[in-house]
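Since the structure comes first, as structure tokens, the remarks are kept for the end.
The values are calculated or read from the model by the stated rules, or taken from the named source; none is laboratory data. Keep in mind that what you see is a predicted model, and the values were worked out from it rather than measured. Please note: Cβ atoms are built from the backbone with ideal geometry, for glycine as well, and neighbour counts cover all protein chains shown. Remember, those area values only see protein heavy atoms, side chains included, never the ligands or the DNA or RNA. Shrake-Rupley method; radii C 1.70, N 1.55, O 1.52, S 1.80 Å.
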Amino acid sequence: MSAVIDDHGHADHAHGPAKGLMRWVLTTNHKDIGTLYLWFAFCMFLLGGSFAMVIRAELFQPGLQIVQPEFFNQMTTMHGLVMVFGAVMPAFVGLANWMIPLMVGAPDMALPRMNNFSFWLLPAAFLLLVSTLFTPGGGPNFGWTFYAPLSTTYAPESVTFFIFAIHLMGISSIMGAINVVATILNLRAPGMTLMKMPLFVWTWLITAFLLIAVMPVLAGCVTMMLMDIHFGTSFFSAAGGGDPVLFQHVFWFFGHPEVYIMILPAFGAVSQIIPTFARKPLFGYTSMVYATASIAFLSFIVWAHHMFVVGIPLVGELFFMYATMLIAVPTGVKVFNWASTMWQGSMTFETPMLFAVAFVILFSIGGFSGLMLAIAPADFQYQDTYFVVAHFHYVLVPGAIFGIFASAYYWLPKWTGHMYDETLGKLHFWLSFVGMNLTFFPMHFVGLAGMPRRIPDYNLQFADFNMVSSIGAFMFGATQIFFLFIVIKTIRGGAPAPAKPWDGAEGLEWSVPSPAPYHTFTTPPEVK
Amino acid sequence: MADSISLKKLVTRLLLVVVAMFVFGFALVPIYDVMCKAFGINGKTGGQYAGEQVVDTSRQVRVQFLSTNTADMPWDFYPKHDELTANPGAVNEMVFIARNPTDKPMSAQAVPSIAPSNAAAFFHKTECFCFTQQVLQPGEQIEMPVRFIVDRDMPKEVKHLTLSYTLFDITARHPPVAVNTGG
């Protein structure tokens, strides 16, 4: 690898970070911005998690105990919004910021100033969003999918703040995505052809294109809401010739690619981690790339499977049902590739690998319940029950979030220069694993038995399973505080990490020392 | 990379995609309307029908009528009869009654919908109060006719139709002209 300037101290040319708070406000360094994104995402994860704790506490027993139904609605809405836009997406952007330049041998992101701006929009957006909870009339209470007319005609006054918050998040995501595409396409080291890129880079490239394609549609969607509410238009109001069902089409045209935006980078991270700890190259690299691209393409033509019950024609139901089931094919290719990578490998189970293996198994469970939901006639029964809640939490918690945890443990030595405490990491994994399954597995049963989602009270017959779910949720929630402790402990000390702490790891990021110096690859490395 | 396009060009192109997709979001509105019309989805009925048809006396269809007020709409609004039996091709009429019980003039818009939705394209209204807005003075009551033809080509399996109207208060958007009733 090329020379890295380790020692500095010249007054004329600053090579290290600036001192004090302004370092973080003004930084254009991809590692600093990545760190900011990751910390922001973790704060939002705890905030969204605390909303979930309110929900589970209320659902601990049937009847209304702790919160009023109006507030419960705000909790379900804010939990979804904060987790999707505040926790999962920024966490992946943070990982992209940290790792993509290191993985492609670039000195920084292609557009560093825009990078700074796209991060700092996020705290503003979420301050705006969360502040609505303290307004008279309360915050958004219409579900994270904000269907019109609940979010227009019947919305609380604060909906305008919600709309502007979504606008800011959208602008932030679009700028982040443009930055990722520009970095990957323009700043790769010499010799790093597209088909030599690490899979995490590939999945992020595809994710970035998805973001660029659908975030503007979401912006258009909330703009139409804004116009309906304040400027007398009737996009979604039947009284003026509009149609509330149109809202669902526009929303899910964004919404379905959005769920892949939240999972594709996790696919990429797991595709880095499993080969490392199986000590074998990834099985079927090329097919992984094409499978990811296929999933991205299919995500644009399946949106109406969220709307089977609104009254679309039979031909439409059949088309969207088969198109949805088709997604199982490229996803299956991926799962089989991961399994084949592990097959006859010299596997060890350090914490990142535990999270990655759990990801493959549990994400597959979520995928299978997704296939059940894809069957239109069956979906008529499952629609809006806890079965749906179980399904998407199985793809998001052990999918997206375990993918983020796996990445965090995998690259923590590179970020901090210290090894994390393996015993504590494994404990974090097992508590998360048990807590998560305890929370969400019983939801399949109560959902199939007919318990509706987003309701603060329920029939007595669901009481036992709900109590189990709540206990699991409290366990999972508390465990994440423990994760915070592990990360802080790793930052403050621990065994020094070598440049390549995992003996099976491959890639440019392991050629720089740990912790990664403030500036890396100022001279591009040669890739053979 | 030497073979890649310049950063400026790339970012410009990506920004163009962003703008195009934002416009596409709005373009979904007319696309949706065209699709609904073309496939008769969503129970949306067409505009005024001018054609005439030969009556098919061999077939009868039950047509049911529903009326719904949106929240906060205080008018009394109901059909004179709950249902009638129609021969495809024949012109039928049903009268809906609306009364404004408040002490303010109000305007309203009725929005029709047909179930099952695959019959919507075969339900023709030759006259409907839903083509215009209604303005009622305080205490005023009107009878509003709707005339319709059930198409002879309507799918055979449809033996009964529901025509439902939802009445919306649009006073805020279309302020009614207050008339001087002279006491």
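A few points about this structure:
- A:Thr132 open to solvent by less than 50 Å² (accessible area, probe 1.4 Å) and in contact with an Asp or Glu (Cβ under 7 Å, 6 or more places away or on another chain): no
- Considered as a group, the residues in the stretch A:206-255 that are open to solvent by 10 Å² or more (accessible area, probe 1.4 Å) and under 30 Å from A:Ile184 (Cα atoms) include one that is farthest from the other protein chains (Cβ to nearest Cβ), and that residue is A:Ile206.
- Any hit, the stretch A:193-201, residues being closer than 19 Å to A:Gly399 by Cβ, more than 12 Å from chain B (Cβ to nearest Cβ), crowded, with 24+ Cβ neighbours inside 10 Å and within 16 Å of the chain's Cα centre (by Cα): yes
- Yes/no for A:Thr286 being within 22 Å of A:Leu373 (Cα to Cα) and either free of Cβ contacts under 8 Å to residues at least 12 places away in the same chain or open to solvent by 10 Å² or more (accessible area, probe 1.4 Å) (or both): no
- Qualifying residue in the stretch B:82-98 (condition: surrounded by 19 or more Cβ atoms within 10 Å (Cβ to Cβ), within 24 Å of A:Pro149 (Cβ to Cβ), at pLDDT 90 or above and in the same structural domain as B:Glu140 (by the TED database)): yes
- Look at the stretch A:26-38: where a residue is at pLDDT 95 or above and among the acidic types (Asp, Glu) and a partner is open to solvent by 10 Å² or more (accessible area, probe 1.4 Å) and in a helix (DSSP H, G or I), sitting 6+ places away or on another chain with Cβ atoms under 8 Å, you get A:Asp32/A:Arg23; A:Asp32/A:Trp24.
- Cβ separations smaller than 8 Å between residues 6+ apart or across chains give the following pairs from the stretch A:463-478 residues that are assigned to a helix (DSSP H, G or I) to residues that are aromatic (Phe, Trp, Tyr): A:Phe465/A:Phe445; A:Asn466/A:Phe60; A:Asn466/A:Tyr458; A:Met467/A:Phe60; A:Ser469/A:Phe440; A:Ser470/A:Phe60; A:Gly472/A:Phe440.
- Restricted to the stretch A:444-462, and to residues there that are of a type outside the set (Phe, Trp, Tyr) and outside any loop (DSSP other than H, G, I, E, B), the residue that is surrounded by the most Cβ atoms within 10 Å (Cβ to Cβ) is A:Val446.
- Test: residue in the stretch A:403-415 that is modelled with pLDDT of 95 or more, of a type in the set (Lys, Arg) and open to solvent by 10 Å² or more (accessible area, probe 1.4 Å): no
- Per the listing A:Ser158, A:Ser118, A:Ser151, the residue uniquely free of Cβ contacts under 8 Å to residues at least 40 places away in the same chain and not charged (D, E, K, R) is A:Ser158.
- Boolean, A:Phe277 is surrounded by 22 or more Cβ atoms within 10 Å (Cβ to Cβ), modelled with pLDDT of 95 or more and more than 14 Å from chain B (Cβ to nearest Cβ): yes
- Number of positions in the stretch A:313-329 that are within 23 Å of B:Ala38 (Cβ to Cβ), more than 14 Å from chain B (Cβ to nearest Cβ) and not in a helix (DSSP H, G or I): 0
Residue-wise test of (1) among the charged types (D, E, K, R); (2) facing chain A (nearest Cβ under 9 Å).
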| site | (1), (2) |
| --- | --- |
| B:Arg13 | yes, no |
| B:Val23 | no, yes |
| B:Tyr49 | no, no |
| B:Val54 | no, no |
| B:Ser67 | no, no |
| B:Ala71 | no, yes |
| B:Leu84 | no, no |
| B:Pro88 | no, no |
| B:Arg99 | yes, no |
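- Of the residues making up the stretch A:179-192, those that are touching a Ser or Thr at 6+ places or on another chain (Cβ under 9 Å) and open to solvent by less than 10 Å² (accessible area, probe 1.4 Å) number 2.
- Residue count for the stretch B:141-157, restricted to those that are surrounded by 14 or more Cβ atoms within 10 Å (Cβ to Cβ) and farther than 19 Å from B:Trp75 by Cα: 7
- Unmet criterion (only one of (1) out of contact with any Pro (no Cβ under 9 Å at 6 or more places or on another chain); (2) without any contact (Cβ under 8 Å) to a residue 24 or more places away in the chain) for B:Val19: (1)
- Residue among A:Leu150, A:Leu102 that is more than 10 Å from chain B (Cβ to nearest Cβ) and either at positive phi or buried (at least 23 other Cβ atoms within 10 Å of the Cβ) (or both): A:Leu102
- Hits in the stretch B:99-118 - residues which are over 19 Å from the mean Cα position of the chain (by Cα) and surrounded by fewer than 19 Cβ atoms within 10 Å (Cβ to Cβ): B:Arg99, B:Pro101, B:Thr102, B:Asp103, B:Lys104, B:Pro105
- In the set A:Val360, A:Val315, A:Val333, only one residue is out of contact with any Leu (no Cβ under 9 Å at 6 or more places or on another chain), among the β-branched types (Val, Ile, Thr) and open to solvent by less than 20 Å² (accessible area, probe 1.4 Å); that residue is A:Val360.
- Being farther than 23 Å from A:Pro496 by Cβ, in a helix (DSSP H, G or I) and not hydrophobic (A, V, I, L, M, F, W, C) is a property that does not hold for A:Tyr410.
- Pick from the stretch A:502-528, criterion open to solvent by 70 Å² or more (accessible area, probe 1.4 Å) and among the acidic types (Asp, Glu), ranking: modelled with the lowest pLDDT: A:Glu526
- Residue check for A:Tyr260: more than 14 Å from chain B (Cβ to nearest Cβ), under 21 Å from A:Leu396 (Cβ atoms) and open to solvent by 10 Å² or more (accessible area, probe 1.4 Å): yes
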